[in-house]
1. Take the chain, connect every pair of alpha-carbon atoms lying under 10 Å apart with a spring to form a Gaussian network, then pick out the residue of 193, 149, 162 with the largest mean-square fluctuation.
2. Relative contact order of region 110-218: what whole-number percent is it, with Cα pairs under 8 angstrom and at least 6 residues apart?
3. Ratio to report: Rg/Rh of the chain, with Cα atoms as the point set and Rh obtained by the Kirkwood method; give two decimals.
4. Ranked by Cβ crowding within 10 angstrom, fewest neighbours first, how are 127, 90, 173, 108 ordered?
5. Please state the relative contact order of the chain as a whole percent: Cα pairs under 8 Å, 6+ residues apart?
6. By count of other Cβ within 10 Å, fewest leading, how are 143, 91 ordered?
7. What is the distance in Å between the Cα centroid of region 102-123 and that of region 181-204?
8. Would you calculate a helix-derived [θ] at 222 nm for the chain, using -39,500 (n - 2.57) for each DSSP H run of n ≥ 4 and dividing by the full residue count, to the nearest 500?
Ligand SMILES: [Zn+2]
């Protein structure tokens, strides 16, 4: 009996890999030589990890990429969920598990606040890593991009999506370091990735997070 449904893809690879795709489905990549029983056993053994990954994928994509910014709804801020709560207050304020906002706040009021937060946080992280990496950038802008988290122009000016403020700090750091590394290395060649890795040895975890939550950048 299959404990959890999955798509099996066999190839010449040497090891079994379990992958949760962006639709929260389990894909098993396995060598030809491995038996179905062995695959079943591995899936069974990893079931808690699989369920958790599927949950994260499903919840982030469904819950946070399609929000209407109303009272009682959850938003992501630095990777944590906060419930929007309208109260008697002058400007938005994080308080425990809540993002308190003034009564009758609308989407634009909340996104304006988020964009300000994004500017502060991203500027600060960029300055920190620019000095750490011995790199100079020309200027920094926030963007409304719905495809790219960040970009670097040939003259060294950086653009970052304001929606990065929804990602964990480690993910913001990865996007910042990635774009700063582009000032010296324009292509995604091995030297570029080696540079990123010396600054952030665990950068692949951030890439995984972005893959699992790619719909966040498409939100209106
Ligand atoms: Zn790049």
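1. 193
2. On the way: 126 pairs, mean separation 29.1, N = 109.
Relative contact order, region 110-218: 27 percent.
3. On the way: Rg = 20.4 Å, Rh = 19.5 Å.
Rg divided by Rh gives 1.04.
4. Numbers: 127 13, 90 6, 173 19, 108 9.
Ranked by crowding around the Cβ, least crowded first: 90, 108, 127, 173.
5. Dividing the mean separation by the residue count of the chain yields 16 percent.
6. Working: 143 16, 91 11.
So the ranking, lowest neighbour count to highest, is 91, 143.
7. Their Cα centres are 31 Å away from one another.
8. Details: 6 runs with 86 residues, N = 220.
That calculation yields -12500 deg cm²/dmol at 222 nm.
No lab work stands behind these numbers, since they all come straight from the coordinates. This one's a predicted model, so the numbers in the text were calculated from it and none came from an experiment. Cβ coordinates were reconstructed from backbone atoms using ideal geometry, including for glycine residues, and neighbour counts include every protein chain displayed.
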